[in-house]
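Inspection log for the structure reproduced underneath, given as structure tokens.
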Amino acid sequence: MYAIVEIAGQQTKVESGKFIYANKLSGNEGDAVEFANVLLTDDNGTITVGAPFVDGIKVTGKILGEVRADKVLIFKKKRRKGYKKSRGHRQNYTKVLIESIG
């Protein structure tokens, strides 16, 4: 069974017992998280599509901690002008273990 859930404005496919990395969520490590914006569910071939959300279905999970993505380097240069600028960015994510769909 899997579901498509809207988390912080992004649609994410979740399955029970697997990890997801969502944009930073409020909460501490070990806290329970509930996602009510379920857009689609698939239960062994039976697909339910919401309009816009599926009624009565919630996805629950547990926050395992915060992680950071790999660094993305931003480099700007204008040739023959002596202009060079280098910046980096690391996105913060929350690691969530999906416990149940239903």
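Just one of Tyr83, Tyr2 is in contact (Cβ under 8 Å) with a residue 60 or more places away in the chain and on the phi < 0 side of the Ramachandran plot; which is it?
Details: Tyr83 fails: in contact (Cβ under 8 Å) with a residue 60 or more places away in the chain.
When all the criteria are applied, what remains is Tyr2.
Could you please give the count of residues in the range 64-101 that are of a type in the set (Lys, Arg), closer than 30 Å to Asp31 by Cα and more than 16 Å from the chain's Cα centre (by Cα)?
Quick first cut of the range 64-101, residues of a type in the set (Lys, Arg) only: 68, 71, 76-81, 84-85, 87, 90, 95.
Those left that are additionally closer than 30 Å to Asp31 by Cα: 68, 71, 90, 95.
Restricting the remaining residues to those that are more than 16 Å from the chain's Cα centre (by Cα) gives 71.
The number of residues fulfilling the criteria is 1.
I'm checking my understanding of the structure. Among residues of the range 38-55 that are closer than 13 Å to Tyr2 by Cβ and assigned to a loop (DSSP other than H, G, I, E, B), which one is least open to solvent (accessible area, probe 1.4 Å)? I'd like the intermediate steps shown before the answer.
Taking the range 38-55 and keeping what is closer than 13 Å to Tyr2 by Cβ, we get 38-48, 54.
Cutting the leftovers down to assigned to a loop (DSSP other than H, G, I, E, B) gives us 44-45, 54.
Working: Asn44: 143, Gly45: 64, Val54: 17 Å².
Among those that are closer than 13 Å to Tyr2 by Cβ and assigned to a loop (DSSP other than H, G, I, E, B), it is Val54.
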Arg87 vs (1) open to solvent by 90 Å² or more (accessible area, probe 1.4 Å); (2) assigned to a loop (DSSP other than H, G, I, E, B): all pass except (2)
Residues of the range 17-37 being among the hydroxyl-bearing types (Ser, Thr, Tyr) and within 20 Å of Tyr2 (Cα to Cα), in sequence order, are Tyr21
Taking the range 7-37 and the residues there that are free of Cβ contacts under 8 Å to residues at least 24 places away in the same chain and either on the phi < 0 side of the Ramachandran plot or over 15 Å from the mean Cα position of the chain (by Cα) (or both), the one that is surrounded by the most Cβ atoms within 10 Å (Cβ to Cβ) would be Thr12
In the range 56-78, anything without any contact (Cβ under 8 Å) to a residue 24 or more places away in the chain and either basic (Lys, Arg) or open to solvent by less than 100 Å² (accessible area, probe 1.4 Å) (or both) is listed as Gly56, Lys71, Val72, Ile74, Lys76, Lys77, Lys78
For the range 61-101, the count of residues that are under 24 Å from Glu15 (Cα atoms) and hydrophobic (A, V, I, L, M, F, W, C) equals 8
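The values are calculated or read from the model by the stated rules, or taken from the named source; none is laboratory data. A quick note: this is a predicted structure, and the numbers were derived from the prediction, not measured. All Cβ positions, glycine included, derive from the backbone under ideal geometry; neighbour counts span all protein chains shown. These accessible areas exclude ligands, DNA and RNA; they are computed on the full protein's heavy atoms, side chains included. Shrake-Rupley method; radii C 1.70, N 1.55, O 1.52, S 1.80 Å.
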